[in-house]
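As structure tokens, the structure follows; a few thoughts come after it.
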Amino acid sequence: MLIVGAGHGGLAVARDLARAGREVLLVDAHQRVGDAWRTRWDSLRLFTPRDLDGLPGIPFPRGDDPFPGKDEVAEYQERYAQEMRFPLRLGAEVRALKTVAGTFEATLGGDVIRARSVVIAGGPFHAPRIPDFASRLDRTVLQLHSRDYRRARDLPEGPVVVVGAANSGSEIAVEVARERPTTIAIGTRKPLAPKRFRSPTWWKLALLRDRVFHERTAYIAWLPWPLRAGGYLGADLDAAAVTHGLRLAPRVVDAAANRLRFVDGSDVTARTVIWATGYRADHSFIAGGEPPATPLVPIGRHGRTPVTGLHFVRGRFLFAISRHARDVARDVRNSG
């Protein structure tokens, strides 16, 4: 069994399959387990409490803050992989995956790994999505995707525009507004989740309720209902507008030179643009059978695909990823 991605999903699948007597190999493009978290911005904290962020068999470490930081998650994942003694191959990106005579062949650099089944646990969306008109900005404008932002003090002096106002964009914009003149471009304004979402007790009660009523449903049903309805957990933009002078602007529709234009016709000068515009699925390395092949996207419950033996792990929060990973592992065991 080949598991691509050594994050929460991959580790949970590996644990369940290893306990069932399956031989597993975890491969990850990063140099260390947990690097996907280490490379995020410094102040990033989880929205779910640490009691819910653990993996089977080893609880998440306790701490003064009920909501752990990203480095705590990275260290926990690395320790988990070490204590479980999973076979690992790190710094190895899967560049091609195809089926040959009923067996999967994964190309990693100059090597080929063969496996009866494959679980893609690196997340369904991992390629940064940046609008085409970004190329019309001058080279003097620093452009970063949110995944590449680290800290406000590293940005050059001058106005900053954060494009995108979901969880990452709102958190980054409020942080940067303390250090630089900042504008956040808001495409669709989503309701801010109530403050009780920052209460560990509320999370536990909400999840207990969902377990009672949705015990056998897909992972999305485990999310507390305000999040299923599209609310977000990011920073309070209205409060930051008052306290830090954060400018709230509408959707960005174009760019030229060092200016971004908004849907209402107004524009703003930018020295730095941070694209918090999310990610897109990129499964172009996957071939759905003998050539010519069509790239696949995850479909069906438990991340099943039209190709027998190929599965995906999905999830929005760590607890949801872990639960879905267990469903995937069970599906893999039942499929032979």
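Taking the Cβ of Ala270 as the center, what net charge do the other residues with Cβ under 14 Å away carry, scoring Lys and Arg +1 and Asp and Glu -1? All intermediate terms of the calculation are to be shown ahead of the outcome.
Numbers: positive: Arg136, Arg139, Arg180, Arg247, Arg259, Arg261, Arg271; negative: Asp138, Glu157, Asp254, Asp267.
Here the charged neighbours net out to +3.
Stretch Arg330-Arg139 to full length: gain in nm at 0.36 nm per residue minus the Cα-Cα span? Can you show the working numbers first?
On the way: separation 191, 0.36 × 191 = 68.76 nm, distance 5.04 nm.
Stretched out fully, the Arg330 to Arg139 stretch lengthens by 63.7 nm.
Got a sec to turn the phi values of region 261-276 into Karplus ³J(HN,Hα) couplings, 6.51 cos²θ - 1.76 cosθ + 1.60 with θ = phi - 60°, whole Hz, x for Gly and Pro?
9, 9, 5, 8, x, 6, 8, 8, 7, 10, 8, 9, 10, 10, 8, 9
Residue by residue through region 63-79, which ³J(HN,Hα) values in whole Hz follow from phi under the Karplus form 6.51 cos²θ - 1.76 cosθ + 1.60 (θ = phi - 60°), with glycine and proline marked x?
These are the phi-based 3J(HN,Hα) values: x, 5, 8, x, 10, x, x, 5, 5, 5, 5, 4, 5, 5, 4, 5, 5 Hz.
Could I have the simple spin-label model distance between Arg178 and Arg79, label points 7 Å from Cα toward Cβ, reported in nm to one decimal?
Between Arg178 and Arg79, the simple spin-label model gives 2.7 nm.
Put a dot 7 Å past each Cα toward the Cβ at Asp254 and Val100; how far apart are the dots in nm?
With each label point 7 Å from Cα toward Cβ, the separation is 5.1 nm.
Read-outs: derived from the displayed coordinates by stated rules, not from any lab. Just so we're clear, the structure is a prediction, and the values are computed from it rather than from any experiment. As a convention, Cβ positions derive from the backbone with ideal geometry for all residues, glycine included, and neighbour counts pool all protein chains shown.
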